[in-house]
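The values are calculated or read from the model by the stated rules, or taken from the named source; none is laboratory data. Here the structure is a predicted model, which means the values were calculated and not measured. Neighbour counts are summed over all protein chains in view; Cβ atoms, including those assigned to glycine, are modelled from backbone coordinates with ideal geometry.
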Ligand code: NAP
């Protein structure tokens, strides 16, 4: 029997590629930039499966152009680039990678929190620019404390829970707000539920861990930023458009809040002349939340297994639209 064909939209690590290649004919997009929508449509029309990335738009027109697709396996937990209802309607299961990257992403969120609080990015730039002439001055480089402060986590899913665990080591009080209250986690992770305005007003650090949906676009805008303390730090390692960038710029410039740590921006990549990058109280990393080698390998292997299961017509290890199984009769 002929092997199924798959298109992988970005280079992946060898063990994952080898796993796929044992059971499928693989074409890997060689470019650093993602394939254009036209190329992605053209390639999708010729294959049985796709392994995609957050930069690829998976929508109705693409699915229409590729009626032979049996599965799309996405290399991420966030699925804001995928039109799930359209995929379900056409009987295409969407694989994704929940949980496996939660710890690494929480590590990075915490790194941003600490860097913004203690002015690490700003200080590092200053040293490299040759400005460190005076060995020490007690009035210089004062930041805010992390230990024994209050952390507000918005979105108590897999990553939010990992952030809450890390906060315990710093003796932080943890507040959280999520769509669904989670009493069992409150006792296990020693945290308190708070409504959003209360959380924003009481937290020294606010860390965002919600998905990007129509409901959460610009979830943090001017009204929310005005509720935060002038000494507070905002961390966004979720998705850029969850925060209104213009409102954030004004908040940081005018001192409504103290600083921000961003792993994601709107737009992405952020242009070098973006007003936010003119501010010293912003630390930015280039969407690297889950970019630790062992985690990335495990994530790719899960995406590969999801892809292969879909090609075999079986249930995926992690499927974002399991209602599709009823349609497929599996
Ligand atoms: P998750 O386990 O699905 O958790 C998301 C949480 O947000 C859930 O607890 C959810 O609802 C809550 N939520 C959803 N909509 C909400 C709303 N409107 N208001 C309040 N809470 C809401 O996902 P995760 O694995 O923690 O990942 C979270 C997001 O992080 C992903 O969607 C992705 O965009 C982003 N991410 C970024 C990186 C990076 O590299 N920076 C890496 C991985 C993930 P309930 O309260 O009902 O449970």
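One residue stands out among those in segment 123-158 that are in a helix (DSSP H, G or I) and out of contact with any helix residue (DSSP H, G or I) (no Cβ under 7 Å at 6 or more places or on another chain): the one that is surrounded by the most Cβ atoms within 10 Å (Cβ to Cβ), which is 123. Exactly one residue out of 252, 308 is buried (at least 18 other Cβ atoms within 10 Å of the Cβ) and within 20 Å of residue 203 (Cα to Cα), and it is 252.
Any idea which of 222, 268, 254 is within 16 Å of the ligand (Cβ to nearest atom) and out of contact with any strand residue (DSSP E or B) (no Cβ under 9 Å at 6 or more places or on another chain)? Going through 222, 268, 254 in turn, the sole match is 268. Summed over segment 301-330, residues that are farther than 12 Å from residue 96 by Cβ and within 21 Å of the chain's Cα centre (by Cα) total 2. Note on segment 86-122: among residues that are touching a helix residue (DSSP H, G or I) at 6+ places or on another chain (Cβ under 6 Å) and farther than 30 Å from residue 69 by Cα, the one that is farthest from the ligand (Cβ to nearest atom) is 121.
When you scan segment 187-201, do you find a residue that is over 24 Å from residue 162 (Cβ atoms) and either surrounded by 21 or more Cβ atoms within 10 Å (Cβ to Cβ) or out of contact with any strand residue (DSSP E or B) (no Cβ under 6 Å at 6 or more places or on another chain) (or both), even just one? Yes, there is a match, as at least one residue in segment 187-201 is over 24 Å from residue 162 (Cβ atoms) and either surrounded by 21 or more Cβ atoms within 10 Å (Cβ to Cβ) or out of contact with any strand residue (DSSP E or B) (no Cβ under 6 Å at 6 or more places or on another chain) (or both). On the basis of being crowded, with 16+ Cβ neighbours inside 10 Å and within 16 Å of residue 261 (Cβ to Cβ), does residue 116 make the cut? Spelling it out, residue 116 is indeed crowded, with 16+ Cβ neighbours inside 10 Å and within 16 Å of residue 261 (Cβ to Cβ).
Looking at segment 185-204, which of its residues are over 16 Å from residue 232 (Cβ atoms) and within 12 Å of the ligand (Cβ to nearest atom)? 185, 193, 195, listed by residue number.
The C-beta contact set for segment 119-131 (first residue assigned by TED's automatic domain parsing to the domain that holds residue 143, second residue assigned to a helix (DSSP H, G or I) and surrounded by 12 or more Cβ atoms within 10 Å (Cβ to Cβ), distance under 6 angstrom, 6+ apart or interchain) comprises 121/115.
Return a yes/no flag: does segment 133-151 have any residue that is out of contact with any strand residue (DSSP E or B) (no Cβ under 9 Å at 6 or more places or on another chain) and at positive phi. Yes, there is a match, as at least one residue in segment 133-151 is out of contact with any strand residue (DSSP E or B) (no Cβ under 9 Å at 6 or more places or on another chain) and at positive phi.
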